[in-house]
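Accompanying notes for the structure given below.
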Amino acid sequence: MKLNRSFACILAVSTLALGLHSTAAVPPAEKLLPADTLAVLTLQDWDKVSAAAKDFPLAQLWRDPAMKPFAEKFERKLGELIGQDDKDFAREWAEFKPLVGGQVTFAVIRNEWQGEPNTGPDVVVFLDVKDKARQLREFLDKCEKHDADAGKTIQRETVRGVKFSRALAKDAPKKDDAPKKPQPYIGQAGSLLLLSESTKALEKVLARQDGAGAGLDETPEFERARSTVGRDAHVFGWVNVKAFTGVLAKLPAGPQDGNPLGVAPARILDAVGLGSVEGLALAARLAGEGTHVEFFIQSPQAKRKGLLGILTPEPKEAGPLPFVGGDTTKFTRIRMDGQKAFAALERILTDLNPQLAGM
């Protein structure tokens with residue numbers, strides 16, 4: 001009897017531990033993405049964002065009874081324009097949408113991309129279904145069976161112990177060749193759904209989930225942006241402009257074809273001042289009184305030139321002038337030195353091509 005009670009206690013504790021493990025919160029995007037991430041857009045919690053979006057003015061207008069005839073006609077015409085594959089996607093999305101509840105992240109990962117023609121970085125998408133992992137597995141199995149019944153080839157890959165698959169059209173290559181129409185690999189790791197055409201990108205995300213490799217949260221430019229505008233944001237986006245411009249700067253000017261104004265990309269970036277930009281960040285916060293959006297450009301002041309130098313205002317008095325009445329509800333004043341701005345434009349043209357200086 002004592003043995004049975006002890007076994008029951010052990011079983012109960014084990015079940016509780018497994019339950020806690022299965023419902024563990026998914027780490028934020030910066031913990032899951034590798035250090036060579038070029039861009040990221042993440043929604044911290046789909047449930048909160050979608051609930052707040054219902055109060056968005058345009059959403060309220062679309063749901064207004066006066067808009068119902070137009071909305072129904074628009075949706076009907078839109079359905080007539082899409083093909084059968086898109087209709088299947090729309091049906092599957094309607095079935096899948098209720099499963100989404102947590103984080104939703106879109107990211108661009110550099111991997112080996114160096115700007116070569118017909119190449120590009122890899123895109124990865126992952127989203128959290130919270131406590132609906134079992135329903136997600138059933139949905140994926142159902143979709144795979146539907147594709148197989150339709151005659152599509154199911155290509156499977158295993159990445160760090162996680163099974164991925166993608167459906168290829170009948171006339172698509174089956175092995176190493178890329179499919180005619182790109183199709184992402186789809187897989188499930190716990191409550192996390194992952195999609196990408198690149199198994200290398202998926203491997204990096206899964207490695208980060210296991211705590212291996214350097215993460216995006218260890219990138220100084222990203223951390224500065226997140227600590228400045230990204231904390232407690234419901235939606236946060238960041239672009240590693242420094243990495244993008246580093247790739248573009250290596251590209252040649254291309255064939256001149258007798259054009260004396262041909263300019264190499266590196267020269268253009270330096271002249272307009274984009275070479276000093278390290279990153280761009282966007283943060284949105286939803287509140288009862290509305291949506292607050294911040295846009296942040298990471299560019300050290302000492303390095304600003306070109307257009308950024310023009311757009312950076314000098315620290316001068318910008319209060320209301322005497323002719324602005326006391327009953328004014330909104331006032332905006334921007335002070336800019338016209339001569340300096342014009343001189344900066346001349347420098348941009350000269351840096352692009354000295355032959356433009358005389359213009």
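Listed here are the residues, each with its yes/no results for (1) open to solvent by 80 Å² or more (accessible area, probe 1.4 Å); (2) part of a helix (DSSP H, G or I); (3) modelled with pLDDT under 75; (4) farther than 16 Å from F222 by Cα.
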position: K242; (1), (2), (3), (4): yes, yes, no, no
position: G258; (1), (2), (3), (4): no, no, yes, yes
position: G275; (1), (2), (3), (4): no, yes, yes, yes
position: A284; (1), (2), (3), (4): no, no, no, yes
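Tallying residues that are under 14 Å from S196 (Cα atoms) and open to solvent by 80 Å² or more (accessible area, probe 1.4 Å) within the stretch 125-170 yields 3.
How about the stretch 175-188: which of its residues are modelled with pLDDT of 60 or more and over 16 Å from G101 (Cβ atoms)? Matches in the stretch 175-188: K181, P182, Q183, P184, Y185, I186, G187.
Residue-level check: of (1) at pLDDT 90 or above; (2) among the hydrophobic types (A, V, I, L, M, F, W, C); (3) surrounded by fewer than 11 Cβ atoms within 10 Å (Cβ to Cβ), A25 misses just (1).
Residues in the stretch 334-350 that are assigned to a helix (DSSP H, G or I) and either over 27 Å from A318 (Cα atoms) or open to solvent by 100 Å² or more (accessible area, probe 1.4 Å) (or both): Q339, K340, F342, R347, I348, L349, T350. Checked against (1) open to solvent by less than 80 Å² (accessible area, probe 1.4 Å); (2) modelled with pLDDT of 75 or more; (3) in a helix (DSSP H, G or I), L321 meets all criteria but (3).
Closer than 23 Å to W113 by Cβ, modelled with pLDDT of 95 or more and either open to solvent by 60 Å² or more (accessible area, probe 1.4 Å) or not acidic (D, E) (or both): is that true of E197 in this structure? Spell out the reasoning first.
Numbers: closer than 23 Å to W113 by Cβ: yes; modelled with pLDDT of 95 or more: no; either open to solvent by 60 Å² or more (accessible area, probe 1.4 Å) or not acidic (D, E) (or both): yes.
Judged against the criteria, E197 is not a match.
Looking at the stretch 113-226, the helices (runs of 4 or more DSSP H) lying wholly inside it that each contain 2 or more residues that are of a type in the set (G, A, S) sit at 133-149, 199-209.
The values are calculated or read from the model by the stated rules, or taken from the named source; none is laboratory data. What you are looking at is a predicted structure, and each value in this text was computed from that prediction instead of being measured. Counting neighbours? That spans all protein chains shown, and the Cβs are built from the backbone with ideal geometry, glycine included. With ligands, DNA and RNA removed, areas are computed over all heavy atoms of the protein, side chains included. Shrake-Rupley method; radii C 1.70, N 1.55, O 1.52, S 1.80 Å.
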